[in-house]
Amino acid sequence: MKENLHYRLSMLTFLIGKATLPILIAHGISNHQWKVLGALYKIAPATAQQLTGLVTLDKSAVSRAVASLLELELIRRKSIAADGRTMHLFLTPRGKAVYRRVEAELSAVQAAITTDIRAEGLSFLFASLDSIETRLKAVISAQACAPDAAA
């Protein structure tokens, strides 16, 4: 199983979740909410549709995360377009503070689990993950465009 990418990534996802979920819970947010907060921290303002394209969540999961973050007053909506139909999302000052605290704690976990990996090894790891992500998106896109084999 050591050479099976699906298995290894699934195991790492499970383990990193076990290591980081207590941090998110301590700050009163879920993993989905964290992804939306992180994306908004980097690119705000953004629409919910733009967020769906950036995070690995489907449209309904983004919608639920946005609704709960609005309720927690970690983000806010504002109409930017002249017609008032397009709503953009922003982090509130409280949302920025939560993001920064959680990011610092998650960075400490990352430092602890990568302490034996040299900087160039980490750069290679992240570049490899970027490549895998790009290829996976291409495979998924090709699968979505392929004619149904059962037809």
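Name every residue in region 124-142 that is of a type in the set (Lys, Arg) and over 13 Å from THR56 (Cβ atoms), in order of residue number.
The answer is ARG135, and nothing else.
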### Query
Do we find a residue being over 16 Å from the mean Cα position of the chain (by Cα), assigned to a loop (DSSP other than H, G, I, E, B) and of a type outside the set (Phe, Trp, Tyr) anywhere in region 123-130?
no
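To keep it simple, each residue is scored yes or no on (1) of a type in the set (S, T, N, Q); (2) under 25 Å from VAL109 (Cα atoms); (3) assigned by TED's automatic domain parsing to the domain that holds ILE140; (4) over 17 Å from the mean Cα position of the chain (by Cα).
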| position | (1), (2), (3), (4) |
| --- | --- |
| THR13 | yes, yes, no, no |
| ALA26 | no, yes, no, yes |
| LYS42 | no, yes, no, no |
| ALA46 | no, no, no, no |
| GLN49 | yes, no, no, no |
| THR56 | yes, yes, no, no |
| ALA65 | no, yes, no, no |
| LEU70 | no, no, no, yes |
| ARG76 | no, no, no, yes |
### Query
Quick check, is LEU21 in a helix (DSSP H, G or I), free of Cβ contacts under 8 Å to residues at least 60 places away in the same chain and closer than 27 Å to LYS137 by Cα?
yes
### Query
For LEU74, which of the numbered conditions (1) at pLDDT below 90; (2) in contact with a helix residue (DSSP H, G or I) (Cβ under 9 Å, 6 or more places away or on another chain) fails to hold?
(1)
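Go through ALA65, ALA48 for me and flag whichever is in contact (Cβ under 8 Å) with a residue 24 or more places away in the chain, of a type outside the set (Phe, Trp, Tyr), touching a His at 6+ places or on another chain (Cβ under 9 Å) and surrounded by 17 or more Cβ atoms within 10 Å (Cβ to Cβ). Full working, then the answer.
Details: ALA48 fails: touching a His at 6+ places or on another chain (Cβ under 9 Å).
Going through ALA65, ALA48 in turn, the sole match is ALA65.
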### Query
Within region 122-130, can one find any residue that is surrounded by 11 or more Cβ atoms within 10 Å (Cβ to Cβ), modelled with pLDDT of 95 or more, assigned by TED's automatic domain parsing to the domain that holds LEU40 and not hydroxyl-bearing (Ser, Thr, Tyr)?
no
### Some residue of region 115-127 being at negative phi and in contact (Cβ under 8 Å) with a residue 24 or more places away in the chain
no
### Message
Condition (residue is closer than 26 Å to ARG8 by Cα and out of contact with any Asp or Glu (no Cβ under 9 Å at 6 or more places or on another chain)) applied to region 46-54: is it met by at least one residue?
### Response
yes
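The values are calculated or read from the model by the stated rules, or taken from the named source; none is laboratory data. Everything numeric here is computed off the predicted structure, so don't read it as measured data. Using ideal geometry, Cβ is built from the backbone for each residue, glycine included, and neighbour counts are taken over all protein chains shown.
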